[in-house]
C-alpha cells in the first residue's frame with residue numbers, strides 16, 4: 001500500500017472529520033431516512049432520495065478518510081531542519097517576472113489550501129522546489145508558459 005505523507009496537523013484534521021462524520025452525520029442521515037420513510041411511497045419521495053444520496057456521499061467520504069488514515073505517514077515538521085527543501089518546509093519564493101513574494105508550507109495532498117498558505121507536495125511548484133536550496137532558481141511549466149522562481153528562504157516550523 002502506498003503511504004500518504006501528511007503533517008501532524010493534517011492527520012488531526014482528518015481524524016476530527018472522520019469522528020464528526022461517524023458521530024454526527026451518520027445519525028442525522030438515519031433520522032432523515034426514518035422520517036422520509038414515514039411519509040409513505042418511497043418511489044416518489046424526494047426527501048428519501050436526498051437522504052440516500054447524502055448517505056452514499058458520507059459513507060464514501062468515511063471510507064476514503066479511513067483508508068488515508070490507515071496509510072498515513074505522519075511527518076513531524078518540528079524535528080526537521082536544514083537548508084534543503086523537503087516535505088513540511090515553509091518556503092519563501094519570489095516570482096522573477098513581477099517580483100511577487102510567495103510564502104507557503106509544503107504539505108500532503110489532502111491538506112493543501114492555498115488561502116491558508118499550504119501547497120500540495122504534488123503541485124508543480126512544490127515538486128520543482130523539493131531538493132533545492134536558498135538562492136536556487138526553478139522553472140515551473142504552467143498553461144501560460146514557463147514561470148521562474150527564486151528560493152529566498154527555507155524554514156521548518
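Note on residue 127 and residue 96: the extension gain reaches 9.3 nm, defined as 0.36 nm multiplied by sequence separation minus the Cα-Cα distance.
Does anyone have the angle between helix 26-37 and the longest principal axis of the chain? Alpha-carbon axes, 0 to 90°, nearest 10? Tilt of helix 26-37: around 30 degrees.
When every Cα-Cα distance of the chain is counted in 5 angstrom steps from zero, the calculated P(r) takes the values 2, 9, 14, 15, 13, 10, 9, 8, 7, 5, 4, 3, 1, 0 percent. Estimated purely from DSSP H runs of n ≥ 4, each contributing -39500 (n - 2.57), the mean residue ellipticity at 222 nm for the chain is -11500 deg cm²/dmol once divided by its residues. Applying 1/(1 + (r/R0)^6) with R0 = 35 Å to the Cβ-Cβ distance of residue 16 and residue 114 gives a FRET efficiency near 0.95.
Residue exposure proxy: 6, 1, 14, ordered by other Cβ atoms within 10 angstrom of their Cβ from fewest to most, comes out as 1, 14, 6. Compared with the direct C-alpha span, the chain from residue 34 to residue 157 gains 39.4 nm at full extension, assuming 0.36 nm per residue. For the chain, the relative contact order is 24 percent, taking Cα pairs closer than 8 Å that sit 6 or more residues apart in sequence and dividing their mean separation by the residue count. For the chain, the longest principal axis of the alpha carbon atoms and the long axis of helix 46-70 meet at an angle near 40°.
Fewest to most neighbouring Cβ within 10 Å: what's the order for 3, 68?
Lowest to highest Cβ neighbour count: 3, 68.
Separation of the range 1-75 and the range 101-146, taken as the distance between their Cα centroids, equals 31 angstrom.
Report the convex hull volume per residue for the range 77-155, counting only C-alpha atoms, in Å³. Each step should come with its number before you reach the end.
Details: hull volume 6.9 nm³, N = 79.
Cα convex hull per residue, to the nearest whole number: 87 Å³.
Note on 4, 91, 134: ascending count of other Cβ atoms within 10 Å places them as 134, 4, 91, the fewest first. Between 0 and 90 degrees, the angle of helix 8-20 with respect to the longest Cα principal axis of the chain falls at about 10 degrees. With each label modelled as a point 7 angstrom along the Cα→C-beta vector, the residue 53-residue 150 pair spans 5.2 nm.
Readers should treat all values here as calculations from the given coordinates under stated rules, not as data from a laboratory. Computed from a predicted structure; not experimentally measured. Every residue, glycine among them, receives a Cβ derived from its backbone with ideal geometry; neighbour counts consider all protein chains shown.
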